[in-house]
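Colleague: One structure follows; several queries about it will come next.
The values are calculated or read from the model by the stated rules, or taken from the named source; none is laboratory data. Since the structure is predicted, the reported quantities are computational estimates derived from the model, not experimental observations. Note that each Cβ is placed from the backbone with ideal geometry, even for glycine, and that neighbours are counted across all protein chains shown. To get the accessible areas, we keep the full protein, side chains included, count just its heavy atoms, and leave off ligands, DNA and RNA. Shrake-Rupley method; radii C 1.70, N 1.55, O 1.52, S 1.80 Å.
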Amino acid sequence: MQTVFSIAVDALAYGMVLFVISIGLSVTMGLMRVVNLAHGAFAMIGGYIASYAARDLGLGYGLAVLLAVFGTIVIAVPIERLLYRRIYGAPELTQVLMTIGITFCIIGIANYAFGPTLKTIPLPPGLEGSVDLGFRSIATHRIFAILCGLSVAAALWYLIERTGFGVKLRAAVDDAAMAAALGVRTEIVYAVSFAVAVGLAALGGVVGAELLPVEPYYALRYMVTFLVVVSVGGAGSISGALIACLLLGGIDTAGRYLVPEFGEFFFYLAVIAIVCVFPRGLAGRIR
Amino acid sequence: MTMVTMNDALEGSHRKGRKFGRDLAGLAVILGLAVVGYLLFPNNLALLTRMTAIALLVLSLDLVTGYCGVATLGHAALFGSGAYAAGIAAVHFGLTDPLLMLGCGILGGALAGLVCGLVILRAHGLPQLVLSIALIHLFHEFANKASSWTGGSDGLAGIAPDPLLGYFEFDLWGRTAYVFGIVLLAGVFTLLRRIVRSPFGMLCRGIKEDPIRIRAMGASPKLALMKMYAISGAVAGTGGALNAISTQVVGLDSLSFTLSAESLVMLVLGGTGSLFGALTGTIVFMFFEDIVSAANPFHWLTMVGVLLVAVVLFAPKGLYGTVVGLAMRWREARR
């Protein structure tokens with residue numbers, strides 16, 4: 001019972017962190033049809049900025065998170081304007097190469113600037129320790145991560161389903177050319193959603209730093225996981241991504257607890273099974 | 001890329017003789033480069049042999065990615081399977097004759113190719129990429145777990161190949177291994193030139209351009225792609241076996257995602273859809289890697305990144321494709 005409970009909490013926290021990071025990837029992939037392997041790199045940049053702000057500048061946790069989100073957006077938007085814009089609509093192979101190239105560059109630069117060591121982001125006293133539930137105690141940070149994931153999901157749902165911007169976004173996802181013909185400034189929709197996606201990646205990178213430690217190879221190590229989530233969930237679908245994160249988080253965490261000697265064997269086996277059965281993702285639409 | 005392919009196709013149907021000449025020229029270039037490499041780097045033959053093995057991997061990747069349009073980031077699974085098949089045959093079954101080991105490697109690679117093809121060809125686009133990534137990780141974890149057979153993370157050591165043909169020993173300087181590798185590469189290259197020009201090769205190119213049309217014409221895209229995957233696996237397995245024989249050890253890195261990604265980078269750097277492009281990319285990439293990564297591995301990563309972005313932006317046909325394109329334009333301008 002104890003084990004089941006720990007697995008459930010850890011899986012939930014891990015799944016939520018995955019969700020916060022990869023939902024942006026899912027939205028941009030559904031919108032711009034770009035296989036963006038550099039998404040994890042943006043999460044890593046967020047982690048580095050937060051660590052720098054909190055440890056070296058001595059800022060508070062909240063301020064560090066804000067700085068990380070906006071700093072990453074400031075770094076990423078020029079990259080989108082200069083590089084990504086040229087590969088919209090290009091074959092997958094081209095997109096993979098361009099974005100993997102960007103990832104390599106960011107890894108190299110991050111290592112040059114910050115060194116190869118693990119970076120920690122000191123937690124505020126309110127998030128340290130654990131909360132006692134009477135029969136079991138949970139690390140406060142896990143609860144914080146879960147709450148973050150839930151609020152991001154709720155906010156995104158509101159943004160996409162209930163606002164004018166959401167209408168334009170959905171129109172552009174369904175048919176970019178038609179939306180443009182009807183007067184939607186797709187360029188701006190693209191830029192804004194890219195910025196939001198990158199900001200969320202940075203947020204996830206900071207919040208999840210306890211679970212996915214920040215180091216130069218972060219971008220490469222978790223790139224696959226984020227891609228897997230999007231592909232299992234179906235690009236462009238919030239509910240699909242949420243289900244995929246919980247499912248994959250559960251499989252991965254259970255695997256680590258129960259059969260640690262197999263590493264990620266069962267995780268990838270499950271991925272292959274799911275993708276083979278649902279080639280368009282759990283919530284994918286037919287194109 | 002399409003232009004080069006179409007040009008190849010046209011020439012293929014019109015001028016058989018010239019094609020044969022280009023085969024011979026290609027073979028001569030490989031052998032010439034091999035001799036130059038031997039004379040320039042007599043103390044670094046291990047690197048050159050490794051380059052030959054990787055060239056076989058990149059050629060085999062070109063078969064599925066360049067000629068069939070399958071996007072894969074897991075091609076090292078085929079290479080590593082060949083390497084482990086050869087290594088296990090030597091260590092656990094006592095098959096230490098290099099040619100027998102090579103046969104085991106080819107068989108192992110082809111089998112892995114069939115398995116990978118079965119899984120990867122089920123999807124397209126992003127899911128296809130994800131499947132290939134999941135596969136290479138699965139192979140890696142499996143090899144790590146089956147440590148009684150593969151040696152796990154310590155690597156499979158103790159491979160002691162007999163003298164080649166009972167006569168040429170694998171010496172400390174790696175001369176035999178180098179010559180063996182070059183002969184293999186030349187043989188595979190000649191064979192592949194024939195295959196990609198055969199009706200079957202043309203069918204594969206057709207599938208890349210338009211699978212629905214090919215099906216409407218009565219051919220089965222899936223079957224052709226599976227066949228190509230098996231051939232590709234045999235080629236990659238040859239490379240793996242060569243690596244196992246020359247280094248006498250097989251490590252888990254031969255089944256890694258990194259190797260898969262690097263081989264894709266090499267292919268695109270040289271130019272997809274052309275065997276010469278695959279060779280060019282391998283040579284340029286590995287030489288640069290040897291020089292720069294010796295200085296600082298992280299600068300190397302940054303440089304590869306910049307190089308990739310530059311290739312995508314300025315030379316989407318790869319180095320070889322761009323040079324061929326320039327040469328053709330020059331020839332037309334002179335006409």
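Colleague: Could you compute how much accessible surface B:Glu262 exposes when probed at 1.4 Å, giving the result in Å² to the nearest 10?
Modeller: 50 Å²
Colleague: At a Förster radius of 41 Å, what calculated FRET efficiency corresponds to the Cβ-Cβ distance of A:Leu150 and B:Ala216, to the nearest 0.05?
Modeller: E(calc), rounded to 0.05, equals 0.25.
Colleague: Hey, got the average number of other protein chain Cβ atoms within 10 angstrom for residues in A:110-123?
Modeller: Across the residues of A:110-123, the mean count of other-chain Cβ atoms within 10 Å is 1.
Colleague: Expressed as an acute angle from 0 to 90° and rounded to the nearest 10, what is the orientation of the C-alpha long axis of helix B:175-197 relative to the principal long axis of chain B?
Modeller: Helix B:175-197 sits roughly 30 degrees off the main axis of chain B.
Colleague: With the cut-off at 1.5 for a/c, could you classify region B:20-256 from its C-alpha gyration tensor as rounded, prolate or oblate?
Modeller: Here region B:20-256 falls in the oblate category.
Colleague: How much FRET efficiency would the formula 1/(1 + (r/R0)^6) give for A:Leu123 and B:Asp171, where r is the Cβ-Cβ distance and R0 is 45 Å, rounded to 0.05?
Modeller: 0.15
Colleague: Shielding by partners for B:310-316, please: the mean number of other protein chain Cβ atoms within 10 Å of each residue's Cβ.
Modeller: That average works out to 4.
Colleague: Sticking with this one: Which of the lysines could be linked to B:Lys208 by a straight reach, that is with a Cα gap under 23 Å, when you skip same-chain ones fewer than 8 residues away?
Modeller: Straight-distance partners of B:Lys208: B:Lys19, B:Lys222, B:Lys227, B:Lys317.
Colleague: Which value, in Å² and to the nearest 10, is the accessible area of B:Asp210 when all protein chains are kept and the probe is 1.4 Å?
Modeller: 60 Å²
Colleague: Partner chain Cβ atoms within 10 Å, averaged over the residues of B:299-307 - can you pull that number for me?
Modeller: Partner-chain Cβ atoms within 10 Å, mean over residues of B:299-307: 6.
Colleague: Find out how many positive minus negative residues lie around A:Ile274, taking Lys and Arg as positive, Asp and Glu as negative, among other residues whose Cβ is under 15 Å from that of A:Ile274.
Modeller: Taking every other residue near A:Ile274 into account, the sum is 0.
Colleague: Okay, moving on. Any chance you could look up the accessible area of B:Arg193 with a 1.4 Å probe, heavy atoms only, rounded to 10 Å²?
Modeller: Rounded to the nearest 10, that gives 20 Å².
Colleague: Determine the distance separating the Cα centre of region A:97-154 from the Cα centre of region B:72-132; give it in Å without decimals.
Modeller: Distance between centres, Cα-based: 37 Å.
Colleague: Amide H neighbours of B:Ala315 under 5 Å, at least 5 residues apart or on other chains, H built in the peptide plane: list them.
Modeller: none
Colleague: Taking amide H atoms as placed 1.01 Å from N in the peptide plane, list the residues 5 or more away in sequence, or in a different chain, whose amide H sits under 5 Å from that of B:Leu95.
Modeller: Close amide H contacts, sequence-distant or interchain: B:Ala90.
Colleague: Just grab the label-to-label distance for B:Met226 and B:Val323, each label 7 Å out from Cα along the Cβ direction, in nm (one decimal).
Modeller: Between B:Met226 and B:Val323, the simple spin-label model gives 3.9 nm.
Colleague: Kyte-Doolittle mean at least 1.6 and Cα extent at least 27 Å along the axis: which DSSP H helices of chain A qualify?
Modeller: A:2-32, A:61-82, A:186-207
Colleague: For region A:1-118, rounded, prolate or oblate, judged on the Cα gyration tensor with a ≥ b ≥ c (square roots of eigenvalues), a/c < 1.5 rounded, else prolate if a/b > b/c?
Modeller: Oblate, since a/c reaches 1.5 and b/c is not below a/b.
Colleague: Shifting gears a bit: Please give, to one decimal in nm, the separation of the simple spin-label points placed at A:Tyr88 and A:Leu66, each 7 Å out from Cα toward the Cβ.
Modeller: It works out to 3.2 nm between the two label points.
Colleague: Enumerate by residue number the chymotrypsin sites (Phe, Trp or Tyr not before Pro) in region A:79-120 meeting two conditions: DSSP loop (anything except H, G, I, E, B), and at most 15 other Cβ atoms within 10 Å of the site's Cβ.
Modeller: Those satisfying the criteria are A:Tyr88.
Colleague: Pairing the Cα long axis of helix B:257-270 with the longest principal axis of chain B, what angle in degrees results, from 0 to 90 and rounded to the nearest 10?
Modeller: Helix B:257-270 sits roughly 40 degrees off the main axis of chain B.
Colleague: Which whole-angstrom value gives the distance between the alpha carbon centres of region B:236-283 and region A:20-34?
Modeller: Here the two parts' Cα centres lie 31 Å apart.
Colleague: Could you work out the longest stretch of chain B that avoids the chymotrypsin sites (Phe, Trp or Tyr not before Pro) located in DSSP loops with at most 13 other Cβ atoms within 10 Å?
Modeller: The segment B:1-166 is the longest one with no such site.
Colleague: Can you pull the percent of chain B's accessible area that's carbon plus sulfur, 1.4 Å probe, other chains left in place?
Modeller: Percent of accessible area from carbon and sulfur atoms in chain B: 68.
Colleague: With a sphere of radius 15 Å drawn around the Cβ of B:Leu40, what net charge do the other residues whose Cβ falls strictly inside it have (Lys, Arg +1; Asp, Glu -1)?
Modeller: The answer is 0.
Colleague: So how tilted is helix B:221-247 from the main axis of chain B? Cα-based, degrees 0 to 90, rounded to 10.
Modeller: Compared with the principal axis, the helix lies near 40 degrees.
Colleague: Would you mind computing, in nm to one decimal, how far apart the modelled labels at B:Phe142 and A:Val192 are, each placed 7 Å from Cα along Cα→Cβ?
Modeller: Spacing of the two 7 Å Cα→Cβ label points: 4.8 nm.
Colleague: With r as the distance between the Cβ atoms of A:Tyr112 and A:Arg55 and R0 = 22 Å, compute the FRET efficiency 1/(1 + (r/R0)^6) and round to 0.05.
Modeller: 0.75
Colleague: Please list, ordered by chain and number, the residues whose modelled amide H lies under 5 Å from the amide H of B:Leu73; skip anything fewer than 5 residues away on the same chain.
Modeller: Those lying under 5 Å, H to H, from B:Leu73 are B:Ser132, B:Ile133.
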